[in-house]
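All remarks here apply to the structure that follows.
The values are calculated or read from the model by the stated rules, or taken from the named source; none is laboratory data. These figures come from a predicted structure and were not determined experimentally. Quick reminder, even Gly has a Cβ in these numbers, built from the backbone with ideal geometry, and neighbours come from all protein chains shown. Quick note on the areas: whole protein, heavy atoms, side chains included, nothing else; ligands and nucleic acids left out. Shrake-Rupley method; radii C 1.70, N 1.55, O 1.52, S 1.80 Å.
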Amino acid sequence: MTIALLGIFLFTSSQVFANNARDYIPLEPNTFFLALYYNHSFGNEYYVNGSKKSNSANFIGNVSVLRPVYFTQLGPFTIDPQILLPFGEVTLPNQQSSGIGDATFASTIWFVNNKESKVLFAWTPFVTAPTGQYDRESGINLGANRWATKQEICFAKGFGDRTWLELSGYAQFFSDNDNALNTEGHRATSSRDPLFGGDAHLSYNFTPEFFGSLDYIFTGGGRTIVGGKEQNDWQATHNVGVSGAYMVTPHMQVMTAFSTDAAVANGVRTSTVMVRLGFIF
């Protein structure tokens, strides 16, 4: 099962970097937002082609992400150059990876940011560099040892003074990993098919300081080919969750979220508890 597990944390990291409710509602230009995330993920059920094969995967992930974001103007458009720096630890039975993950650089550009009609349309290009911890002998890694680019678009609409609906979709493309391990235990090149996904967030302000959200995430594709042999690790995962955020002060926000996989094609079915501290300067 080791080769099949090679992609587990790549999938988990896609959940770590999934959008949260109201992520696509921009702050005012010349505003700095500093976010610190903590994600605790866990799962025991291992699936192959949609069928459960094991109850003893024992996957545990404790991953934090530091995310500085700066909102500014590029001509008539609002943009938010940012960096996502993950670090932490992920484990399987008798296997562990800890340290720094792959750094991601991004910047959203809002082509439509109409405050009166509360209509938003934005594009975010992400570039992920192979900066993380990677060991080809391990069945799980914080780093992927490959470059990736993710192209995401989002449409958001506000209704009244309390409700927002955000819909986004993306395609992610990967370079080859030339330091993988094949089934014979030899060094090999691993390529990965594009990953496609999307999410939806329906959020509502219960008070001016507090909102709650219903969240849905889909991840599909991403099959790997190691040494010319296709791996049975393509994704078709439906994830559902709830989240809430509270403005402790005008410059500090606390967000919490719980999500769980409702359906998994291949890999470990996981649940995640997330806490985010956000500071506005």
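Please compute the contact order of the chain in relative form: average sequence separation of alpha-carbon pairs under 8 Å and at least six residues apart, divided by the residue count, as a percent.
18
Name the most mobile residue of ASN20, ASN58, ASN94, meaning the one with the largest mean-square fluctuation, in a Gaussian network model of the chain with Cα contacts below 10 Å.
Result: ASN94 has the largest fluctuation of those listed.
Peptides 84-91, 22-29: what's the order by average Cβ count within 10 Å, highest mean first?
Going by the mean number of other Cβ atoms within 10 Å, highest first, we get 84-91, 22-29.
Roll a 1.4 Å probe over the protein heavy atoms and report the accessible area of PHE281 in Å², nearest 10.
Only protein atoms counted, so the area is about 140 Å².
With Rg and Dmax of the Cα atoms in Å defined as stated, name the option among (i) 18.5, 56; (ii) 20.7, 78; (iii) 18.9, 61 computed from the structure displayed.
The calculated read-out lines up with (iii).
Modelled label-to-label distance, VAL248 and ILE60, 7 Å Cα→beta-carbon offset: nm?
If labels sit at VAL248 and ILE60, their model points lie 2.7 nm apart.
Compute the length gained on full extension between THR149 and GLU89: take 0.36 nm times their separation in residues and subtract their Cα-Cα distance, giving the result in nm to one decimal.
19.2 nm
If ILE140, ILE225 are ordered by their accessible area, calculated over protein heavy atoms with a 1.4 Å probe, which sequence runs from highest to lowest?
ILE225, ILE140
Of the heavy-atom accessible surface of the chain (probe 1.4 angstrom), what whole percent is carbon and sulfur?
Its accessible area is 62 percent carbon and sulfur atoms.
Express in whole angstrom the spacing between the alpha-carbon centres of region 101-160 and region 178-216.
10
Run the numbers for ASN232 and PHE210: contour at 0.36 nm per residue of separation, minus the present Cα-Cα distance, in nm.
3.6 nm
Run the numbers for ARG162 and THR72: contour at 0.36 nm per residue of separation, minus the present Cα-Cα distance, in nm.
Result: 29.8 nm gained on full extension.
Which of the aspartates and glutamates could a cross-linker span from LYS53 if the Cα-Cα distance has to be under 17 Å and same-chain partners fewer than 8 positions apart are dropped?
Counting by Cα, and skipping residues close in sequence, LYS53 has these aspartates and glutamates nearby: GLU45, ASP233, ASP261.
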